[in-house]
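Input: a single structure, listed below in structure tokens.
Bear in mind that the values in this text are calculations on the coordinates, not laboratory data. Just so it is clear, the model here is predicted, and its values are computed rather than measured. Counting neighbours? That spans all protein chains shown, and the Cβs are built from the backbone with ideal geometry, glycine included.
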Amino acid sequence: MGLNLDDKKAVVAEVSAVIANAQSVIVAEYRGLEVGDITALRANARKAGVFLRVLKNTLVRRAVAGTPFEKLADQMVGPLIYGISTDPVAAAKLLHDFGKSNQHLVIKAGAMPNYVMDAVGVKALASMPSREELLSKLLGTMQAPITQFVRTLNEIPTRFVRGLAAVRDAKETA
């Protein structure tokens, strides 16, 4: 059963609201996927914070019109599932990892604001570390000099105590 005009407007408004905050949009063809597989993919998408929906291409074209993702409209052909995320890497990583275990999901294209990628570009984006991984690496790098400084400061009294213990042991044996 098709959507009536009010439902179509609601879908366009919902997708427009999600795309307004998005950093990436990934488009994949899902032809041949079983219902259980799509359900598992949606569960993983919810955990990763990715908006994942099967939508009519014409409605998505209307939703992306006038946005930085407008150039992606040329790639919207066929039965597609859309992964939209505020994290630039999350949607690409989710769909790429799922596509490795299920050959029926084929990534067609992706976009970041004002930049359209092909399937190879999406694969390269998926191989990048996530925002959390990059932040933890940055924090570790920033924390390393401070940690080494504290260890150095702690080493001075430790050596002093060891020296006193050695002198005490030497006097006890003598």
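Side notes on the structure shown:
- Odd one out for D7, checked against (1) more than 24 Å from the chain's Cα centre (by Cα); (2) among the acidic types (D, E); (3) within 15 Å of I84 (Cβ to Cβ): (3)
- Conditions (1) under 21 Å from M128 (Cα atoms); (2) free of Cβ contacts under 8 Å to residues at least 12 places away in the same chain; (3) among the polar types (S, T, N, Q): number failed by N44: (2)
- In this structure, M117 does not satisfy being in contact (Cβ under 8 Å) with a residue 40 or more places away in the chain and out of contact with any Cys (no Cβ under 9 Å at 6 or more places or on another chain).
- Residue match in segment 128-137 (condition: touching a His at 6+ places or on another chain (Cβ under 6 Å) and under 25 Å from S24 (Cα atoms)): no
- Which listed residue is closer than 23 Å to N102 by Cα, touching a strand residue (DSSP E or B) at 6+ places or on another chain (Cβ under 7 Å) and of a type outside the set (V, I, T), from E29, E34: E29
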